[in-house]
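Undergrad: This is the structure I have questions about; it appears just below.
No value in this document is a laboratory result; all are computed from the given coordinates. None of these values were measured; they are calculated from a predicted model. Cβ sites come from the backbone with ideal geometry, for glycine too, and all protein chains shown count toward neighbours.
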Amino acid sequence: MNVDESMLDVYIYETQQLLESLENTLFAGENDKKLNTEQINEVFRIMHTIKGASAMMEFEHMAKLAHSLEDMFALIRENDAGSYDWPAIFDNVFSAISFFNGELAKLLDKQTMDGDSSDLIAKLKLLVARMKGESAAPAATAKKEPEAVTAETPVFDHKGDEAYYKVKLFFEENSQMENIRAFGVVQAVRKISVRFAHIPEDLNGDAATEEIRNNGFLVFLQSGENPDRIKALLETTLFLKSCSVLPIDGDDEEVPAAIRQGRDTAGAEAAHETLQAKADDHQANGEGGVSLESVAKQNFISVNVNKLDNLLNIVGEIVTAQSMVINNADFGDRQHDSFDSAAQQLHSLINELQDIVMSIRMIPVSTLFQKMRRLVRDMSKKFGKQIELEIIGEETEVDKNVIDYLSDPLLHIIRNSVDHGIEDAATRTSNGKPAYGKITLEARMTGSDVIVTITDDGGGLSRDNILKKASEKGLLTKPESEMSDKEVYGLIFLPGFSTKDQVTEFSGRGVGMDVVRKNIGVIGGSVTVDSTPGMGTTHTIRIPLTLTIVDGMKFNVGKMNFIVPTVSVRSAVKPDVKDIFTDPEGNEMIMLLGNVYSLIRLSRFFNIEDAVTDLADGMVMHIASEEREFCIFFDHLDGEYQVVVKKLPNYLKHCSSSLDGVSGCAILGDGSINLIIDVNSVQ
Amino acid sequence: MAKIMIVDDAAFMRITIKNMLKKSVHEVVGEAENGKLAVERYRALSPDIVTMDITMPEMDGLQALREIISINPGANVIMVSAMGQEAMVREAIMSGAKGFIVKPFKEEGILSAIDKLA
Amino acid sequence: MDEQNITGLEDDIEEYLVFTVDKIDFGIDIGLVQEIIEIQPASPIPNGLDFCSGIINIRGMIVPVLDMRRKLGFQPVEYDDRACIIVILLEAELVGAIVDSVQDVIHISARDLLDSPAISGGEQAYYTSKIASIDGKIRQILNVNAVFDIGNDD
């Protein structure tokens, strides 16, 4: 088929959805160490669907793998109470899911899908072979359907004047399953014949298909119908290429003896009954429990996220334009009550619109959390550790963008917990802990923030080790004895702290906790860690619920315009020059309300020309984030704005030696571009 | 021109078939993602031809076929099957399906089947 | 249609936008060019490299702008009103390039494209992938990937 882009999107999207629900089914089943009937049916159905769609897209390797899985579950379905090697089944299906997802990711990136599924398929075949050997005989015998009724006599009496015909049919090439097509012809023939027989006799299996393909399907029949009507009737068969109906002599040698003698129909009836019984069985399986969920689903539509981004941008611009209009309304001295009330109404409508747009973008963290389940499962197998992952609050909703930025940090933290946090079973038991380690992943809302915590009951962080490593790398800025535990633990987030010497299958790119902090910082969040030696570690990630529209203070340094999120701003003042001094290392410090803070000149940090240099001519802003407080020196404060955060173009990294200190940008109503300060990375 | 209803639990397949039929004279009047809805919509829309997937949740294609045939014994139902479903297709034929098409199929395939029944 | 079409094979003909930087004509594959806009002040960026003029706002999109004189190693000048910004699409993002002026669109047959002689050395040679001689004038075809640092990411 000719693959158009939109079909590809649908294919990828739907297959991913199916894989996701497959994975959830497996997790549910793995807790019970097996799948129940309903779950087996679901897995079968999912594989069947993926097989069909992949075959339509001509992704043969995907279709074949899905087919192998479908076969395996077809076998299990026939005897769902049988005992199977469930751990092996789970492993294989999980591997297959990874394979499918990997290939889909390539497809999304417009790369060639060069994965090879043959190993997986071979493994599945082996498993199936073992199942066939092991599973009780009844399943195998039940599969053999009595068939091969070659000559049948219908119930009506024949008048004796019926003529004999030889019918030869060919099906279209590529029509497939020709044996079953022939079976369909047999059903039609039965209705008009006194007796009939066909070649090949046995319509089961590939041999029959092959013969029909090569030599056609031959039917000899005795019928009272005239040949034209027989032909017309048979020609309604789908995918029929040709059909000839020739009258022949009933005593012709060619006519199978079966018709001439006329056999009884007992065989046929028996076959029919078996089929009927199976069909009833099938129906019983398929119908159980109409779930409300599938009814509810019809109230949802899926929308391309780009459209939502555009919608959000437009709303953001409306917000900005609105504040421009209202703030700039220059009416001289006259009071404009009607304008004020209209402006007020516009303002509340726009707020409402903004809330709705935000809520459209909110999705539950469950999908992301389930991904972690998979990670913990695979890693604990790999490391031979027994770890349970508890998930709390997976229904908590966050902005779609947040999910994207949260994924890598979560993966990284959980990897660390499994790899370094949780001890092996022997160590645990000798320390009086349960052999099973536990990681708790929790999401909850607090007002304007979402808090995600990752807690493990492992060995905890070692203050001494961290200090040792930090001092080796020259990252200590204070004497060790003066540092609180929290400050020590905070060192792991510094760039350069993490080593890349433990690149495993799971830690992958060798990223460190500094990358975790940076990723979280991009969406305006923060991450902290706390630990009790011997008891475990808790990572706390705090992210604003809505990250894309922020309230910010606008200021400039030279020709550069900046926005700093208002939540981080404590105060902005004209400094008293005598409060500013230089410490022995040459860093500028400022005394504010009795406290001393370091003073960062943004013109130096960002390398800005034509900025105010005289401290008396500029301004100082006191900034506080979760981790630290400091002051910045800038030129001129410009007021408070509500802005839509836009990503910086990726290409900008080719244009700048460092973009540290800015996390995005915003376009104001006057068209000006403002850079958004990342308070955690200004130093 | 025939009125067609497409029954398949996979949106991908529904859209694929619909795209294939777009170029024909036929009109897709309805879709259903499971057997139950298929039967309901068959009653409501009385399409001339139904393409029916076999493996679906809620109610599978075979059962939906039987119910549709019981509503209209002359109903034109084409089963959409895949390799490996021989037994099911046999049952479908016994139950009154007018024929079947095997995934993966091409545009010509499904059009020729529908044209024949239209 | 120009005479290249008469002698050359139709399907080998590519279209190039010709622009001038310091009196030298360059060609860029027209397929990459999204639009040409008049020069406008750009907002500076933090720690900006010398060839980056900053970022501009094109219909709500943030677009980095490069000064081609600096990028190609020519003497920087105050741009006049003949200067303009060629906006090209690079890896799904827009990037602007300030040039002295834009000439026209020419058709160059693949046969007329020659590998750039590596004699001159320097940045211009590095950034030029091919040259073509059209009506006795030499046009250098930009190696867009090299000029814009594409493909050698970290």
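Undergrad: On a straight-distance basis, which lysines could pair with A:Lys473 in a cross-link, Cα separation under 25 angstrom, same-chain partners fewer than 8 positions away excluded?
TA: By straight Cα distance, A:Lys473 reaches A:Lys486, A:Lys500, A:Lys518.
Undergrad: Which lysines does C:Lys137 reach when only Cα atoms under 19 Å apart count, and residues fewer than 8 places away in its own chain are ignored?
TA: List returned: C:Lys23.
Undergrad: Moving on to the next point. Checking the cross-link filter: which lysines have an alpha carbon closer than 16 Å to that of A:Lys33, excluding same-chain neighbours under 8 positions apart?
TA: Leaving aside lysines fewer than 8 places away in the same chain, those within reach of A:Lys33 are A:Lys381.
Undergrad: Counting only other chains, and only Cβ atoms inside 10 Å, what mean value do you get across the residues of A:643-651?
TA: 4
Undergrad: Using the structure shown, list the pairs from B:Lys3/B:Lys103; A:Lys106/A:Lys647; B:Lys3/B:Lys98; A:Lys554/A:Lys653 with a Cα-Cα distance above 18 Å, or answer none.
TA: Listed pairs above 18 Å: B:Lys3/B:Lys103; A:Lys106/A:Lys647; A:Lys554/A:Lys653.
Undergrad: While we're looking at this one, here's another question. Count the net charge of all other residues whose Cβ sits under 9 Å from the Cβ of B:Ala10, scoring Lys and Arg as +1 and Asp and Glu as -1.
TA: -4
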